[in-house]
1. Modelled with pLDDT of 80 or more, more than 23 Å from Glu272 (Cβ to Cβ) and within 28 Å of the chain's Cα centre (by Cα) - does that describe any residue in region 391-413?
2. Do we find that Ile307 is crowded, with 16+ Cβ neighbours inside 10 Å, outside the structural domain of Asp219 (by the TED database), at pLDDT below 90 and over 26 Å from Phe150 (Cβ atoms) in this structure?
3. Spot the failing condition for Ala253; the list is (1) out of contact with any Lys or Arg (no Cβ under 9 Å at 6 or more places or on another chain); (2) without any contact (Cβ under 8 Å) to a residue 60 or more places away in the chain, and only one is missed.
4. Can you work out which of the residues in region 276-293 that are part of a helix (DSSP H, G or I) and touching a Phe, Trp or Tyr at 6+ places or on another chain (Cβ under 9 Å) is surrounded by the fewest Cβ atoms within 10 Å (Cβ to Cβ)?
5. For region 150-189, which positions are surrounded by 18 or more Cβ atoms within 10 Å (Cβ to Cβ), within 19 Å of Leu273 (Cα to Cα) and out of contact with any helix residue (DSSP H, G or I) (no Cβ under 8 Å at 6 or more places or on another chain)?
6. Would you check which residues across region 342-366 are touching a strand residue (DSSP E or B) at 6+ places or on another chain (Cβ under 8 Å) and outside any helix (DSSP H, G or I) and list them?
7. Just one of the numbered conditions (1) farther than 27 Å from Ala117 by Cα; (2) under 26 Å from the mean Cα position of the chain (by Cα) is not true of Gly182; which one?
Amino acid sequence: MFLVNKRLDGWVGEDRINFANVLRPIPTVDSGRITSPSTGRSSRAVSEASEVSLSTPSNSPRKKKKYNTSRVEVMPQLESPTTSQASGEDPTSPGSKGMSTSGSHKFDEKLLTKNVAMVELGRYRMIPWYFSPYPEKLVNGLECLVICEFCLKYMESVDRLRRHLQKCPLRYPPGKEIYRNGIISFFEVDGRKQPEYTRNLCLLSKLFLDHKSVENDTDVFLFYVMTVADNTGFHLVGYFSKSKISIENFNVACILTLPSYQKRGYGKLMIELSYELSKREGKLGTPEKPLSDFGLLSYRSYWSKTILDILCSYKKELTKSDAMKEEGDDDNDGDMIGMSIEQICDATAMQKDDVVSTLQNLDLLKYYKRSYVIVLTSEMMKTHKKKLKKEAAASKKGFPALKLDRKCLHWAPKCKK
């Protein structure tokens, strides 16, 4: 049994916050104007009792200008946490979703604190990061929540899990296997056909995702579950889901790699599969926002590596076909790439906004002769080659770099755009 705890942050309880001594911002006087620290806007209103003369004294008498005190901006008073209770309003009503923009409600304590102390899935025990709406009677005071790694049914003890495994008919996700390369497989699970499995999968993923919303209706989603196989069955590694119909061409609605399998390249493999599905659909895909912390890092890494691979290979072909001179590499024109952003989008199935933001982060977009061009210097190519060599060396030591084999993918869209 392995214990996994990769997140060190935690929620701050209400008992640790002192609401009695609340420090409110004080308006500052700047050039005869009262500036509100909360809004940043200045007001000409100055109280008559606290008039400040900022001009130099002169010999000629000047009349003091009177200001309208009714225009003084008043700082909003912070309400105590018992205000919403006194008003009779429920902060956890469906309309408020546990919070309000006016500040009159408070967060639901159940949504702020972790309700599951530990979860056991297969060989691993993991410490959850966030709240998940498991039944309160089950998880209240429970030391460890036990989950079947095949059907994802949750229970309270290991003894019950042993009895359950004798009757559980599943040894792999209840869907169609669309990809198998060695021990790695992907299963396409329809939320309408397998509602119980997909709901349990959402409950499990909510333990490690902050922005995920658990819905009872999973009919409109397709789940692509990633597993690794051994003699006992197919073990859950992670998954990503996407909507069956998306006007914005979202290819990922939610993506998760379990903490026991993180930092092994499984997340990038799932991202690569999502874009390969978009290619076969004839669409330019993008993930739904906002992304989680680890999801954002994984996507930025994947976008950067994919675009650099395409630009480096494109520049190599140009040097071979055009027989560029060696001294031409030092010029700015020699570093330019004649590949357009639209061509990168078509080659990667990424949307234009993601490509442009990645090029800006890599500092590859330059303004040249009244237009923006893609500039890839020889130093950037060398650093990218070094990273590829490190990955190749790591694969020889027993840490193979996971890459999608398109020949092993057996999937076709139902309706191609």
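The values are calculated or read from the model by the stated rules, or taken from the named source; none is laboratory data. Keep in mind that this is a model prediction, so the values were computed, not measured. Cβ sites come from the backbone with ideal geometry, for glycine too, and all protein chains shown count toward neighbours. Note: accessible area is taken over every heavy atom of the protein model, side chains too, but ligands, DNA and RNA are not part of it. Shrake-Rupley method; radii C 1.70, N 1.55, O 1.52, S 1.80 Å.
1. Filtering region 391-413 for residues modelled with pLDDT of 80 or more gives 402-413.
So of that shortlist, the ones also more than 23 Å from Glu272 (Cβ to Cβ) come out as none.
Within region 391-413 (the criterion being modelled with pLDDT of 80 or more, more than 23 Å from Glu272 (Cβ to Cβ) and within 28 Å of the chain's Cα centre (by Cα)), the answer is no, since none of the residues qualifies.
2. Values: crowded, with 16+ Cβ neighbours inside 10 Å: yes; outside the structural domain of Asp219 (by the TED database): yes; at pLDDT below 90: no; over 26 Å from Phe150 (Cβ atoms): yes.
Criteria not met by Ile307.
3. Tallying (1) out of contact with any Lys or Arg (no Cβ under 9 Å at 6 or more places or on another chain); (2) without any contact (Cβ under 8 Å) to a residue 60 or more places away in the chain, Ala253 fails exactly one: (1).
4. Step by step, filter region 276-293, then rank; the result is Arg280.
5. Listed by number, the residues that qualify are Gly175, Ser185, Phe187.
6. Ala349, Met350, Gln351, Leu364, Leu365, Lys366
7. Among (1) farther than 27 Å from Ala117 by Cα; (2) under 26 Å from the mean Cα position of the chain (by Cα), Gly182 violates only (2).
The rows are residues; the columns are (1) at pLDDT 95 or above; (2) among the aliphatic types (A, V, I, L, M).
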| site | (1), (2) |
| --- | --- |
| Tyr179 | yes, no |
| Leu203 | no, yes |
| Phe208 | no, no |
| His211 | no, no |
| Asn216 | no, no |
| Val220 | no, yes |
| Gly233 | no, no |
